[in-house]
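Below: one structure, written as structure tokens.
The values are calculated or read from the model by the stated rules, or taken from the named source; none is laboratory data. What you see is a predicted model, and the numbers here were worked out from it, not measured in a lab. Note that each Cβ is placed from the backbone with ideal geometry, even for glycine, and that neighbours are counted across all protein chains shown.
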Amino acid sequence: MKKNKGCLKNIAVFASGRGSNFAAIAKAVKAKKISASLALLVCDNEKAPVIRKAAAFKVPVVLVKRENFATREEFEQKIGLYLRQYQIDLIALAGFMRILSPYLVGLYRNRIINIHPALLPAFKGGHAIADAFNYGVQITGVTVHFVDEQMDHGPIIAQEAVIVRPADTLVSLEARIHAVEHRLYPQVIQRIVTGKGANPAV
Ligand code: GRF
């Protein structure tokens, strides 16, 4: 745990897959561009590459599989116990492929953020970059927002536009969007943990 302007700030990242945003956050913490500790990775998929990334950054991992619990609330209660054990103050969702229930959202109200690879409220869901590209939009982007009980929904903290170029393929567009994510998410987290420009409840 690290001290930060008199408050303790321990971050947990929740992720289910590749973990490039996890790595960007971990690098920013290591470089002291985020004045907090990356205290925990919560993962629901034992095959996710993010687990290896957490090991490389020496970040503790808890694997909590939804199928081991009868209800979503029981699944989240287990996660809640880990969050308490690791004294987590802020949750950053980064490709966590589950909608949180009112239980966890209520427990961490205004202290859960998410990154989404489109300009919300456009193109919600798990295929946002492809959906925007296939729709033919000329501008898409990245959104960081507080999480509520709905999917890809809640007060917007930051957005950055990405222009779709005429020569773009889905792959080239994805690369530029991810590059923006990896810069924007650590910046927003730093704003939140230092109490600048984010929800005062955090
Ligand atoms: C990112 O594009 C993020 O915006 C979305 O899921 C993707 C996760 O990618 N919510 P990664 O696992 O961080 O590489």
Open item on the list: Considering only region 141-155, I want to know if a residue exists there that is out of contact with any His (no Cβ under 6 Å at 6 or more places or on another chain), closer than 21 Å to ILE189 by Cα, charged (D, E, K, R) and in contact (Cβ under 8 Å) with a residue 60 or more places away in the chain.
Closed with: no
Task: Test: THR71 is of a type in the set (Ser, Thr, Tyr) and closer than 24 Å to ILE177 by Cα - done: no
Task: ILE115 closer than 23 Å to ALA24 by Cα and either assigned to a helix (DSSP H, G or I) or more than 16 Å from the ligand (Cβ to nearest atom) (or both) - done: no
- [ ] Would you point out the residue of region 91-111, among those that are within 16 Å of the ligand (Cβ to nearest atom) and not in a loop (DSSP other than H, G, I, E, B), that is surrounded by the most Cβ atoms within 10 Å (Cβ to Cβ)?
- [x] ALA92
Task: Residue among ALA36, ALA56, ALA31, ALA92 that is in contact with a strand residue (DSSP E or B) (Cβ under 7 Å, 6 or more places away or on another chain) and over 27 Å from GLY125 (Cβ atoms) - done: ALA36
Task: Criterion: in contact with a His (Cβ under 7 Å, 6 or more places away or on another chain) and in contact (Cβ under 8 Å) with a residue 24 or more places away in the chain - qualifying residue of SER20, SER37 - done: SER20
TODO: Go through LYS33, LYS65, LYS27, LYS53 for me and flag whichever is away from the ligand (no atom under 14 Å from the Cβ), of a type in the set (D, E, K, R) and under 26 Å from ARG183 (Cβ atoms).
DONE: LYS33
Task: Scope region 127-144; condition over 13 Å from GLU174 (Cα atoms), within 11 Å of the ligand (Cβ to nearest atom) and out of contact with any helix residue (DSSP H, G or I) (no Cβ under 8 Å at 6 or more places or on another chain); matching residues - done: THR143
- [ ] Run down ALA12, ALA23 and say which single residue is within 16 Å of the chain's Cα centre (by Cα), buried (at least 21 other Cβ atoms within 10 Å of the Cβ) and modelled with pLDDT of 95 or more.
- [x] ALA12
Open item on the list: Here is a list: ILE88, ILE139. Which entry is at pLDDT 95 or above and either surrounded by 14 or more Cβ atoms within 10 Å (Cβ to Cβ) or among the charged types (D, E, K, R) (or both)?
Closed with: ILE88
Open item on the list: Here is a check on your reading of the model: is LEU120 crowded, with 21+ Cβ neighbours inside 10 Å and under 15 Å from LEU93 (Cβ atoms)?
Closed with: no
